[in-house]
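A short worksheet on the structure shown next.
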């Protein structure tokens, strides 16, 4: 078996340890160099360590496994881990990514390990093909996730002075975390709520609201301009808002086509 490095991302510590133990038996030469609690951490750790293989739980708070895979792209072999068989897309079997279903099955894991090792061996020759297959498989998975998603948040309830205001999410320009609170900014003003942005991100439409920084979620429909900055960063200008918002390196991929 070949030597390689890996990153495991799952919001459950016990499940991360369980997968790592299985991998030690199936692939002793694989070194797990880091573990992440969510997709954002997975992307940040990947950029620091550049492991060969990334195991991503599909459902994680905030930046989910699909978003993390899009940020990582073809730079690593992606293996999704899911408790839901319906996400085990047939295309994964022969595509650029693979999947494991919880609870882990030793035979399935052995087959996945063999495929990943083969892809690593052929990576230099097939990198461009892998990128196209990865994009297609991630798009298919994202569509499945969208079909099975819970109803999206339509209103945000916030206290504004002595009043309680119901803010339509379509009017929200961005949300920014502030210690225990989250700032909700819209064309008509601002308000603080006690809900963390990682919970809000799970409830908002991912086609409209995306995380652009560790502490910022933006409404893409409110973005009027993207200005590239140094070190693969950017700033956003928003409709009817005077401030600019930072885009960190981990999330710049969302604006490459804009």
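The values are calculated or read from the model by the stated rules, or taken from the named source; none is laboratory data. If you're wondering where the values come from, they're calculated on a predicted model, not measured in any experiment. Virtual Cβ from ideal backbone geometry, glycine too; neighbours counted across all protein chains shown.
Using the structure shown, decide if residue 200 is within 23 Å of the chain's Cα centre (by Cα) and in a helix (DSSP H, G or I). Yes; evaluated as a whole, the condition is true for this residue. Among the residues making up segment 97-126, those that are out of contact with any strand residue (DSSP E or B) (no Cβ under 9 Å at 6 or more places or on another chain) and in contact (Cβ under 8 Å) with a residue 40 or more places away in the chain are 106, 110, 121.
On the given criteria, is residue 29 surrounded by fewer than 19 Cβ atoms within 10 Å (Cβ to Cβ), touching a residue at least 24 places away in the same chain (Cβ under 8 Å) and more than 15 Å from the chain's Cα centre (by Cα)? In short, yes.
Among the residues of segment 99-110, those that are out of contact with any helix residue (DSSP H, G or I) (no Cβ under 9 Å at 6 or more places or on another chain) and either at pLDDT 90 or above or assigned to a helix (DSSP H, G or I) (or both) comprise 107, 108. Residues that are over 16 Å from residue 68 (Cβ atoms) and modelled with pLDDT of 90 or more: does segment 246-256 have at least one? Scanning segment 246-256 turns up at least one residue that is over 16 Å from residue 68 (Cβ atoms) and modelled with pLDDT of 90 or more. Number of residues in segment 187-234 that are within 17 Å of residue 252 (Cβ to Cβ) and loosely packed, with under 15 Cβ neighbours inside 10 Å: the value is 7.
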